[in-house]
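One structure below.
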Amino acid sequence: MTALSQPPTSAGGGASSRRRPRRGPRTHLAALPLLCFTALCFGLPVGALLYGAVTRTDPDTGATALTGEHLARSLQGPYLGSLIGSVQLSALTALISSLLGVLIAQAIVTSRSRALRDAALTASGVLANFGGVPLAFAFIATLGISGVVTQLADLTSLGWNLYSFTGLAVVYLYFLTPLMVLVIIPALDGLRPQWREAAQNAGASGRQFWRHIGLPVLAPSLLGGFVLLFGSAFAAHATAAALVGGSVPLVTLKIADALSGNVLVGQENVALALSLDMILIAGLVMAVYLPLQRRSARWLR
């Protein structure tokens with residue numbers, strides 16, 4: 001019986017069990033449509049942005065020449081201020097949403113009510129994708145100058161202003177916090193009960209468990225969630241455009257003004273340079289997020 005239950009020990013059997021299937025050229029051809037789609041939908045726009053950001057066309061002769069003027073201007077004056085404002089707003093809202101999302105997700109995971117969990121996950125999925133002009137209108141009707149809550153609670157006397165940096169941050173929390181809930185719940189579910197039981201048997205308290213086991217395991221997921229929220233807030237445009245207009249300096253609003261000639265005419269290339277700056281920042285964000293995501297998946301597998 002023992003001999004039957006043991007795996008084959010022959011050299012040929014062991015080699016065949018450990019041998020991985022070889023990937024031929026046909027296997028890589030399966031990814032060719034995806035690569036073509038990515039090159040068409042992402043490569044061409046990025047190439048156009050790069051070309052417009054580093055070239056200048058003479059209006060008299062129509063000659064095109066390379067220049068770094070547009071990139072330099074995108075990092076000066078109000079353009080640099082808008083870039084810094086977007087980074088500050090994104091970092092602040094991502095940090096607050098990460099903390100709130102973890103607390104809400106932990107309450108959902110520890111709840112014994114299946115209906116509450118399903119309802120919370122459904123609501124988080126809906127709210128995380130609710131943005132743009134409808135979200136701005138909802139907040140204007142609720143917390144605007146003549147909003148229902150503003151009038152009932154007399155928030156104006158307390159210094160509340162929806163059309164400010166603080167008000168815009170509150171609006172961003174509305175869709176970033178549910179997104180963090182969706183991101184962190186799988187990681188919280190991955191914390192095995194055996195780890196907590198082993199810690200309790202060893203005499204560890206709940207605080208010690210989270211300090212030495214829970215938080216180190218969740219750290220990649222927490223940092224990855226923060227980076228994801230930062231990227232989502234950094235790229236948001238429609239909500240801010242409908243809510244604050246140009247009163248809050250944001251890079252997405254500056255790009256829209258430059259392309260439309262709302263402030264200065266002939267700043268299209270500067271807008272392309274600002275877009276290229278955003279792509280570089282988003283690339284840095286993804287460079288941080290992807291390794292953290294892989295490490296988190298390896299821990300919680």
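The values are calculated or read from the model by the stated rules, or taken from the named source; none is laboratory data. Since we're looking at a predicted model, the values are computed, not measured. Positions of Cβ are generated from backbone atoms using ideal geometry, with glycine treated the same way; all protein chains shown enter the neighbour counts. For the accessible areas, the whole protein counts, side chains as well, though only heavy atoms, and no ligand, DNA or RNA atoms are used. Shrake-Rupley method; radii C 1.70, N 1.55, O 1.52, S 1.80 Å.
Is it the case that the range 272-291 has a residue that's modelled with pLDDT of 75 or more, open to solvent by 30 Å² or more (accessible area, probe 1.4 Å) and hydroxyl-bearing (Ser, Thr, Tyr)? No, there is no match, as no residue in the range 272-291 is modelled with pLDDT of 75 or more, open to solvent by 30 Å² or more (accessible area, probe 1.4 Å) and hydroxyl-bearing (Ser, Thr, Tyr). Selection over the range 150-180 of residues that are among the β-branched types (Val, Ile, Thr) and touching a residue at least 60 places away in the same chain (Cβ under 8 Å) gives a count of 2. If only residues of the range 34-69 that are open to solvent by 80 Å² or more (accessible area, probe 1.4 Å) and modelled with pLDDT under 80 are counted, the one that is nearest to the chain's Cα centre (by Cα) is Thr57. Only one entry of Asp257, Asp189 meets the criterion of being more than 23 Å from Ala53 (Cα to Cα), open to solvent by 20 Å² or more (accessible area, probe 1.4 Å) and charged (D, E, K, R), and that entry is Asp189.
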